[in-house]
Structure formats: C-alpha cells, structure tokens
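**Q** Below you'll find the structure I mean.
The values are calculated or read from the model by the stated rules, or taken from the named source; none is laboratory data. Given the structure is predicted, the values throughout are model-derived calculations rather than measurements. In this analysis, Cβ positions are derived from the backbone assuming ideal geometry, glycine residues included, and neighbour counts consider all displayed protein chains.
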Amino acid sequence: MDSSGITITFAPDLQVFVSARHRGERASVRIDGTSTIGHVVESLGPPLTEVGGLLVDGERVAVSHIPSDGEDVVVHAVPRPQQLPGPPRFLLDVHLGTLARRLRLLGVDTAYESVDIGDPALAARSAAEQRVMLSRDRGLLRRREIWAGAYVYSHRPAEQLTDVLSRFAPRLAPWTRCTACNGVLHAASKSSLQDRLPSGTARSFDVFAQCGDCGQAYWRGAHHARLDAIVDEAVRAFGTA
Ligand SMILES: [Zn+2]
C-alpha cells in the first residue's frame, strides 16, 4: 500500500511553482489514499488560484477528487482571460503599491493597504468586498477565505500590469480614478481648486479633476509624460470599453 502513486503533468505556466523533479511529463507522486487532488497539487507548489482544470485519465474532476493508485493527472493553468461573476475588482498586498497606482491610473477598482494588516485581514477583506486578491505570497493565496486570488508572476511593475490585464481583461477607463486612494474623479473648475494647485499650474493647464473621496486635485500636464506612456501602452494592448 505505501507504494501507491499517481503520475502528474503540470502545464508550462505552473512549472515555476513546482520542484525540478515534478516538472517533467508524468512525474511520479506518492499518494496516501485520503488526500484530495487539490491538496496533492498544492503540496507540490501551485496555489489552487492558478489551477484552471484537473484531468484524471482524461476526465475532468473537481479538486475534491481523491486520487487512487495508477491515475494519470494533468493540471491545467487558469485560462486567460479568467471569467469572474462581475467586473473585476482587486485587493493588493503591501508589496504591490506601484501596481496598485498603475491599475488606478487605468481606472480599475483597486484597493491597497500601504501598511501590512496581515494575511487574515486581507483574506477577510477580499471575501467581504468580493475583490480578487493579488499577491506574490503563495501562503496568502492558499487561504480558503479569499473570494478569488491570483499570483503576480513578476517583481517588475510593468510586467505585473501586463500580467493582471491579460489575466482578467478589466475594462480600462484611464484618468477616472484617484491614484492615491482609489476614489472616483469628477471634473472640477480651476477656481474651485485654486488653493490646492502648485503655483503656475492654474495658469498653464486647463483639464482639472478632483477626487470625490480625498480631495486630491488632478490636471494634465507635461510632467505626466511617464504616466501617459503607461496609459497609451495599456490601451494599445488591451483597449478601452
Ligand atoms: Zn483620492
């Protein structure tokens, strides 16, 4: 009985999570006869947030399937774009501040905690607000409470943004959200913002907006060239509504 085993093949996108000896085709894995296939897969590395489908001897099974001796398991990556019940909303952990600001710049509803509130509180907020938890922390993504989650593959913000946009295809509405607090921007007149603008700004620029939540003033100017480039690249690759 203790020689019971299955073979398992991980999709290319999942191999980053898996140790070298389980990366090949039909790697051998011991089983105990009681653990679910979901548990077996997670114990080999990939968080279930990254798993799109499980085939056993060619038939699709649920993560609750208990594998038995000799089964041949294929683990697919989550399909892109990944379908959610409604428009994607996100919650980012403390390490993803730059990504949070870039998603907000594109008008994507993005909650972010700039202090570490801890994994249980993050998972609870994901559940309460039905936000997709984005993180590079596999332990956080394994928490059962999270509503939905996604591993952020790169540590570079530009690649992180492309990763999230290609995975969830959120509707982009650039310059509609406050990058500081995620509040929705509304048009504002120069005169109403006079005391919030650096000297010279009111003279030089005409497009003004203000955050409905924190009051931050926004205008379009030459110093936004870097942000314009981020917006242009995202819109070119992923479009707007
Ligand atoms: Zn704001």
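**Q** Across segment 148-174, what is the number of residues that are charged (D, E, K, R) and within 16 Å of the ligand (Cβ to nearest atom)?
**A** Qualifying residue count for the region: 0.
**Q** Turning to a different aspect of this structure: Every residue in segment 180-191 that is in contact with a strand residue (DSSP E or B) (Cβ under 9 Å, 6 or more places away or on another chain) and more than 16 Å from the ligand (Cβ to nearest atom), please.
**A** Of segment 180-191, the ones in contact with a strand residue (DSSP E or B) (Cβ under 9 Å, 6 or more places away or on another chain) are 180-190.
Result: 189, 190.
**Q** Among 226, 177, which is the only one that is within 16 Å of the ligand (Cβ to nearest atom) and modelled with pLDDT of 80 or more? Walk me through how you get there before you give the answer.
**A** On the way: 226 fails: within 16 Å of the ligand (Cβ to nearest atom).
Matching residue, one of 226, 177: 177.
**Q** From the list 185, 172, which one is free of Cβ contacts under 8 Å to residues at least 60 places away in the same chain and aliphatic (A, V, I, L, M)?
**A** On the way: 172 fails: free of Cβ contacts under 8 Å to residues at least 60 places away in the same chain.
Every option except 185 fails the conditions.
**Q** Next question, about the same structure. Look through segment 108-140, keep the residues that are closer than 12 Å to residue 181 by Cα and not hydrophobic (A, V, I, L, M, F, W, C), and return whichever of them is nearest to the chain's Cα centre (by Cα).
**A** My answer is 110.
**Q** Additional query: Surrounded by fewer than 18 Cβ atoms within 10 Å (Cβ to Cβ) and either more than 16 Å from the ligand (Cβ to nearest atom) or not in a loop (DSSP other than H, G, I, E, B) (or both): is that true of residue 210 in this structure? Give the steps one after another, and end with the answer.
**A** On the way: surrounded by fewer than 18 Cβ atoms within 10 Å (Cβ to Cβ): no; either more than 16 Å from the ligand (Cβ to nearest atom) or not in a loop (DSSP other than H, G, I, E, B) (or both): yes.
Considered against the rule, which asks whether it is surrounded by fewer than 18 Cβ atoms within 10 Å (Cβ to Cβ) and either more than 16 Å from the ligand (Cβ to nearest atom) or not in a loop (DSSP other than H, G, I, E, B) (or both), residue 210 comes out as no.
**Q** Can you name every residue in segment 135-153 that is β-branched (Val, Ile, Thr) and either part of a strand (DSSP E or B) or under 13 Å from residue 120 (Cα atoms) (or both)? Walk me through how you get there before you give the answer.
**A** Start the filter on segment 135-153 by keeping residues that are β-branched (Val, Ile, Thr), which leaves 146, 152.
Scanning segment 135-153 gives a single hit, 146.
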